[in-house]
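Read through the structure below, which is laid out as structure tokens, and then see the notes.
The values are calculated or read from the model by the stated rules, or taken from the named source; none is laboratory data. It should be emphasised that the depicted structure is a prediction, and the values quoted were computed from it without experimental measurement. Positions of Cβ are backbone-derived with ideal geometry, glycine not excepted, and every protein chain shown enters the neighbour counts.
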């Protein structure tokens, strides 16, 4: 695991949680990888107490498996679990974009246009970690526009499992630029100001993402 710098003035367990979560979601720590508390404490220069707190939180998220007398490791993919999270995400994000359209303005349009352009560049340079980060930011902008406060926190746990699977699904042929084209359709729908058009565009995008995720998980588990 790569070394990471911690800010001792900030919440250390939270930082460790975010570091490990990012490594797991990017599959730098793939399913089944052993999580060694002593090693992590040495690499991060902390005691094992904040490490354990971060691991416990990741276990609650379903990203880490703790088996007494056996060990701690990155959780395996559960296709049924991922399917359920994808369905939750689709429902939640369709609700969000329907509410977001009334708050969509020039500043938000400029931001989404910029993100689409940046995501397109990541494909050209083969930076898939940045690609997914920008993809996530695109959806975050729309979620923020919705004005909802509880939904983003509710979605956070579901997105962990989904993003982990997404890093595998982008390996599918033709699934690199498709999300970018779908984002453009969503942007045009927001420009139209029609809530139903926005919901249709978002659902189509997330349904296609769901299909690609499940396809790659089938290959991983066979």
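Some points to look at:
- Residue in the range 169-176 that is modelled with pLDDT of 80 or more, touching a helix residue (DSSP H, G or I) at 6+ places or on another chain (Cβ under 8 Å) and not assigned by TED's automatic domain parsing to the domain that holds residue 26 present: no
- Of all residues in the range 62-76 being assigned to a loop (DSSP other than H, G, I, E, B) and surrounded by fewer than 18 Cβ atoms within 10 Å (Cβ to Cβ), the one that is farthest from the chain's Cα centre (by Cα): 69
- Checked against the criteria, residue 54 counts as buried (at least 18 other Cβ atoms within 10 Å of the Cβ), part of a helix (DSSP H, G or I) and at negative phi.
- Test: residue 135 is touching a residue at least 24 places away in the same chain (Cβ under 8 Å) and within 17 Å of residue 182 (Cα to Cα): yes
Table: residues versus (1) more than 17 Å from residue 93 (Cα to Cα); (2) in the same structural domain as residue 137 (by TED's automatic domain parsing); (3) touching a helix residue (DSSP H, G or I) at 6+ places or on another chain (Cβ under 9 Å); (4) surrounded by 18 or more Cβ atoms within 10 Å (Cβ to Cβ).
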| position | (1), (2), (3), (4) |
| --- | --- |
| 179 | no, yes, yes, yes |
| 186 | no, yes, yes, yes |
| 191 | yes, yes, yes, no |
| 203 | no, yes, yes, no |
| 206 | no, yes, yes, yes |
| 212 | yes, yes, yes, yes |
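- Of residues in the range 31-51 being within 20 Å of the chain's Cα centre (by Cα) and surrounded by 15 or more Cβ atoms within 10 Å (Cβ to Cβ), the one nearest to residue 75 (Cα to Cα): 31
- The combined condition, being in the same structural domain as residue 192 (by TED's automatic domain parsing), surrounded by fewer than 20 Cβ atoms within 10 Å (Cβ to Cβ) and modelled with pLDDT of 90 or more, is fulfilled by residue 144.
- The set of residues in the range 11-30 that are at pLDDT below 90, under 19 Å from residue 66 (Cβ atoms) and assigned to a loop (DSSP other than H, G, I, E, B) contains only 30.
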